[in-house]
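Trainee: Below you will find the structure I want to go over with you.
The values are calculated or read from the model by the stated rules, or taken from the named source; none is laboratory data. None of the values given here were measured: they were computed from a predicted structure. We place every Cβ from the backbone using ideal geometry, glycine too, and count neighbours over all the protein chains shown.
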């Protein structure tokens, strides 16, 4: 049985659990989520599942279709391109602020996360690499200083995590090395307070990962196509 932490509300804990099921493809793109079965599986009330699914709809992970039920949001080309186009805008906007305003503690955190990601790469620990990559990106957005951007980013993270898993699950060592290289380059640009160089690096990173996700989706579609 799943155990939950008391520091979060039950709704948040249930939402986090379902979020991970979707992010790591234990619930497939387009799959229907049955409230009763999920409530039984997690040993919680139908109301807790319903409230969690409302949170996940706000986070773009599920769609509630009247008289039909709740379904995992389809992960298709349009969704992926839309997500990375928006993430690129936010990353570049807040990256300029970070380059202007960073403090020593910010650089220490970015360096620490980068080193941890290197260690995960050496151990081939993909899930930890993925989680640290998300944490690194969140740390890079520390200076967003904009209510609407911060709120929007919080709702986009689950989809970013989902897409990152798709990009990395069959990734070659070269793909992971390229991600580490982008991070190393971004740290150097931030340290130098070189806004224009940082923006180019962030744009390249977003566009590269978008293409990785799309390529992975194409491979998956080809492998499931009737022969």
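Trainee: Among (1) within 25 Å of residue 217 (Cβ to Cβ); (2) surrounded by 13 or more Cβ atoms within 10 Å (Cβ to Cβ), where does residue 50 come up short?
Mentor: (1)
Trainee: Can I ask one more? How many of the residues in the range 135-155 are assigned to a helix (DSSP H, G or I) and buried (at least 17 other Cβ atoms within 10 Å of the Cβ)?
Mentor: Count: 4.
Trainee: Let me ask you something else. Return the total of residues in the range 163-176 being part of a helix (DSSP H, G or I) and either at pLDDT below 90 or over 16 Å from residue 207 (Cα atoms) (or both).
Mentor: Final tally of qualifying residues: 9.
Trainee: When residues of the range 58-69 are filtered for being loosely packed, with under 14 Cβ neighbours inside 10 Å and either closer than 22 Å to residue 156 by Cα or at pLDDT 95 or above (or both), how many remain?
Mentor: 2
Trainee: While we're on this one: Looking at (1) touching a residue at least 40 places away in the same chain (Cβ under 8 Å); (2) in contact with a helix residue (DSSP H, G or I) (Cβ under 9 Å, 6 or more places away or on another chain), which is the only condition residue 200 fails?
Mentor: So residue 200 meets the others, but not (1).
Trainee: So, one more: Quick check: is even one residue across the range 63-76 in a helix (DSSP H, G or I) and either in contact with a helix residue (DSSP H, G or I) (Cβ under 8 Å, 6 or more places away or on another chain) or within 25 Å of residue 181 (Cα to Cα) (or both)?
Mentor: no
Trainee: Tell me yes or no: at least one residue of the range 105-117 is in a helix (DSSP H, G or I), in contact (Cβ under 8 Å) with a residue 40 or more places away in the chain and closer than 19 Å to residue 23 by Cβ.
Mentor: yes
Trainee: Mind checking which residues of the range 78-106 are within 30 Å of residue 34 (Cα to Cα) and modelled with pLDDT under 95?
Mentor: none
Trainee: Another question, then. Restricted to the range 15-31, and to residues that are touching a strand residue (DSSP E or B) at 6+ places or on another chain (Cβ under 8 Å) and surrounded by 14 or more Cβ atoms within 10 Å (Cβ to Cβ), which residue is nearest to residue 162 (Cα to Cα)?
Mentor: 22
Trainee: Oh, and also: Please find, within the range 174-197, the residue that is surrounded by the fewest Cβ atoms within 10 Å (Cβ to Cβ) out of those that are in contact (Cβ under 8 Å) with a residue 40 or more places away in the chain and under 30 Å from residue 26 (Cβ atoms).
Mentor: 177
Trainee: Residues to consider are 83, 55, 98, 91; find the one that is surrounded by 12 or more Cβ atoms within 10 Å (Cβ to Cβ), touching a helix residue (DSSP H, G or I) at 6+ places or on another chain (Cβ under 7 Å) and farther than 30 Å from residue 191 by Cβ.
Mentor: 55
Trainee: Would you point out which residue out of 15, 28 is part of a loop (DSSP other than H, G, I, E, B) and not assigned by TED's automatic domain parsing to the domain that holds residue 141?
Mentor: 28
Trainee: Could you grab me the full set of residues in the range 15-40 that are over 18 Å from the mean Cα position of the chain (by Cα), touching a residue at least 12 places away in the same chain (Cβ under 8 Å) and over 15 Å from residue 73 (Cα atoms)?
Mentor: Residues satisfying the conditions are 35, 38.
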